[in-house]
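Taking it in order: structure first as structure tokens, then the write-up.
The values are calculated or read from the model by the stated rules, or taken from the named source; none is laboratory data. These numbers come from a predicted model, not from an experiment. As a convention, Cβ positions derive from the backbone with ideal geometry for all residues, glycine included, and neighbour counts pool all protein chains shown. Surface accessibility is based on the protein's heavy atoms, side chains included, excluding ligands, DNA and RNA. Shrake-Rupley method; radii C 1.70, N 1.55, O 1.52, S 1.80 Å.
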Amino acid sequence: MNKNSSNIMALTPNTSNKRETVCIFGTGDFGRALGHKMIQSGYPVVYGSRSTQISNLIPKDAEVLGHAEAAQKAAVIIIAIQRQHYNFLTSLSQVLHGKVLVDISNNLKLKQYPESNAEYLAQLLPGSKVVKGFNTVSAWALQSGTLDASRQVFICGDDVEAKQMVMNIVHGLGLTPVDKGSLLAAQEIENYPLQLFPMWKFPIFLSLGLGLFFFFYSLALDVIHTYVYDNNNFSFFIAITIPNRVFPVLALTLFGLVYLPGIFAAIIQLYRGTKYRRFPDWLDRWMLARKQLGLIALALASLHAVFTLVTPLRPYSSWRTSNRIISQVLNNETVSLNHTNAWLIDSYLAMGMLGLFLFVLLGITSLPSVSNSVNWREFRFIQSKVGYLALILCTAHTMIFGGKWFLNPSAYKWYLPDIYMLSLVVPCAVLVVKFVLIFPCVDKHLTRIRQGWERNPRYSE
């Protein structure tokens, strides 16, 4: 019910021209920035401060009074002070009784206190209605007006009417209120500003780990092996050649890892015969990281395209081309066009360009501003059907590039396969199993399970 109320607020703004007075305890950076934004939005603002002397930093249209006097002028009081200074509020318990107190504080580290700041404030003032909010919006964004990246304001509290009052104010400031439930959610909300890209940690660490492995693998085969056996120093490959081999290999591997958890999920549901049992935690975390894995793969694929475009500008490429031309001239040789090879190269390039185009389309539709403009069926069609087509094209691009080397013994230096062969392991496994899952006899059974059918109904509780 609370979630629906926040959605209604987003669609039905307060049309009244008269705004209620808002009191702000605290004249620090955030208190001043929030007061300035409220005054711009038409809210009368009164500051409660130990010093009632007007400062040049205070918004000029705001009133500054003592804490008790300021609190009497407003039903909503924003507590813009740190937790360690909350104790003085107990002396104002009678004045603050029945008032809505908005706690906007954050901590310096995770789990700094056993309870959230908002819950601590509610314990100090049991007669007040405490609501958590505004802590995920920066003072700089409020003051400069650059709120595109932090427009959502998470709200939680035990009193429904108090939350609604705060959400009205949030919406009146041009922001989007998001109801997170009761005050128990305050600790989670307070942890948001302390987490640096929480959804990106696993994808980034996985990408770095795989990238380092592929880099040293390619370094061993393309530089060290050549130096040991042929006494050729190709150490300059580290700058462009090796990265341009690692980027596509890592991109295709990560692209396959985007769709692999969906394969595992389908197999688990078929094995269990129900959709009502939770997936293992590792699979849940993996599925939540698919968007981030896909965006990293797209960035690497784009780098591969850029590195490939600059390849003809390298001295090594010019040297090889010049040597080939001079050798043909000295030996009076004429090399005719190999139509088979021309077909392979053109097909390889076409597959790569089409695959990258669809890959970019997947990345664009994953943006919230784009995904919100399509319905769920359209979004699923692009991310699933078009996504698998992009994976097929990118896999075919790699297979055409190195297909002739599969059975060539010279391609296995130190008895190890070339790096591009490693890139085919995950996507080929995904595509083969997916091909089995779309068989009518398997797909029909899986569809029934996902529509609610159970082999053993005891798991439906």
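Please give every one of the lysines within straight-line cross-link reach of LYS444, meaning a C-alpha to C-alpha distance under 23 Å, and leave out same-chain neighbours fewer than 8 residues apart.
Filter leaves LYS275, LYS385, LYS434.
Order ILE325, ILE400, most accessible first, counting only protein heavy atoms with a 1.4 angstrom probe.
Working: ILE325 95, ILE400 50 Å².
The residues order as ILE325, ILE400, largest area first.
How many nm separate the modelled label positions at THR21 and ILE326, each set 7 Å beyond the Cα in the direction of the Cβ?
Once both label points are built, they end up 9.0 nm from each other.
Give the accessible area for THR27 in Å² (nearest 10); use a 1.4 Å probe, count only protein heavy atoms, and leave out ligands, DNA and RNA.
Result for THR27: roughly 50 Å² accessible.
Relative to the longest principal axis of the chain, what angle (0 to 90°, nearest 10) does the C-alpha long axis of helix 339-365 take?
Roughly 10 degrees, rounded to the nearest 10.
Under a Cβ-Cβ cut-off of 12 Å, what is the net charge of the residues other than SER327 that fall near it, where Lys and Arg count +1 and Asp and Glu count -1? Could the numbers behind the result be given before it?
On the way: positive: ARG320, ARG324; negative: GLU333.
Result for the neighbourhood of SER327: +1.
Could you tally the net charge around ILE155, taking each other residue with its Cβ under 10 Å from the Cβ of ILE155, Lys/Arg +1 and Asp/Glu -1?
Details: positive: LYS132, LYS163, LYS180; negative: ASP179.
Result for the neighbourhood of ILE155: +2.
Accessible area per residue for the chain in Å², computed with a 1.4 Å probe and the full protein assembly in place, what is it? Walk me through the intermediate numbers first.
Details: 26340 Å² over 461 residues.
With all protein chains present, the chain gives 57 Å² per residue.
For Rg and Dmax of the Cα atoms in Å, several values are listed as [x] 23.0, 83; [y] 30.6, 103; [z] 25.9, 88; flag the one computed from this structure.
Checking each listed value against the structure points to [y].
For CYS428, put the label point 7 Å out on the Cα→Cβ axis and report which residues of the range 201-240 keep their amide N under 18 Å from it.
So the set is empty, nothing qualifies.
Roughly speaking, to the nearest percent, how much of the range 191-301's 1.4 Å accessible area is carbon and sulfur?
Accessible surface attributable to carbon and sulfur in the range 191-301 totals 68 percent.
Points 7 angstrom from Cα along the Cβ direction at ALA342 and VAL370: gap in nanometres?
Result: 3.6 nm between the two label points.
Within the range 247-288, whose backbone N sits under 13 Å from a point 7 Å along Cα→Cβ of HIS445?
Residues 267-274 qualify, since their backbone N sits under 13 Å from the label point.
How much of the DSSP bridge set in the chain is antiparallel, in percent, rounded to the nearest 5?
Values: 3 of 26 bridges.
Counting only bridges with both partners in the chain, antiparallel ones make up about 10 percent.
Return the long-range amide H neighbours of TYR47 (sequence gap of 5 or more, or a different chain), with a cut-off of under 5 Å between placed amide H atoms.
Counting only residues 5 or more places away or on other chains, the set is ILE24, GLU63, VAL64, LEU65.
Counting pairs of alpha carbon atoms under 8 Å apart in space and at least six apart in sequence, what relative contact order in percent does the range 200-451 give?
On the way: 200 pairs, mean separation 71.5, N = 252.
For the range 200-451, the relative contact order is 28 percent.
By a straight-distance test (C-alpha under 23 Å), which lysines pair with LYS73 as possible cross-link partners, with residues fewer than eight away in the same chain excluded?
Correct list for LYS73: LYS18, LYS37, LYS60, LYS99, LYS129, LYS132, LYS163.
List the trypsin sites (Lys or Arg not before Pro) within the range 47-81 that DSSP assigns to loop and that have no more than 12 neighbouring Cβ atoms inside 10 Å. Please report the intermediate quantities before stating the final value.
Values: sites: ARG50, LYS60, LYS73; in loops: ARG50, LYS60, LYS73.
The qualifying sites are ARG50, LYS60.
State, as an integer percentage, the relative contact order of the chain based on alpha-carbon contacts under 8 Å between residues 6 or more apart.
Numbers: 588 pairs, mean separation 56.8, N = 461.
It comes to 12 percent, rounded to a whole number.
Taking K and R as +1 and D and E as -1, what net charge do the other residues with C-beta under 13 Å from the C-beta of LEU257 add up to?
Numbers: positive: ARG285, ARG290, LYS291; negative: none.
Combined, the nearby Lys, Arg, Asp and Glu give +3.
When the helices in the chain are scored as -39500 (n - 2.57) per DSSP H run of 4 or longer and the sum is shared across all residues, what 222 nm value do you end up with, to the nearest 500 deg cm²/dmol?
Working: 21 runs with 247 residues, N = 461.
Computed mean residue ellipticity for the chain: -16500 deg cm²/dmol.
Just to make sure I understand: if all protein chains stay in place, what is the order of ARG380, ARG290 by accessible area at 1.4 Å, largest first? Display every interim value, and only then the final one.
Values: ARG380 130, ARG290 85 Å².
Order by accessible area, largest first: ARG380, ARG290.
Quick one: order CYS156, CYS428 from most to least accessible surface, probe 1.4 Å.
CYS428, CYS156
Report the relative contact order of the range 22-194, percent, no decimals, based on alpha-carbon pairs under 8 angstrom and at least 6 residues apart.
Details: 329 pairs, mean separation 34.9, N = 173.
The normalised contact order for the range 22-194 reaches 20 percent.
Less than 16 Å apart at the alpha-carbon level, and either on another chain or at least 8 residues along: which aspartates and glutamates does that give for LYS180?
ASP103, GLU119, ASP158, ASP159, GLU161, GLU188, GLU190
In the full protein assembly as shown, how much of HIS85 is accessible to a 1.4 Å probe, in Å² to the nearest 10?
110 Å²
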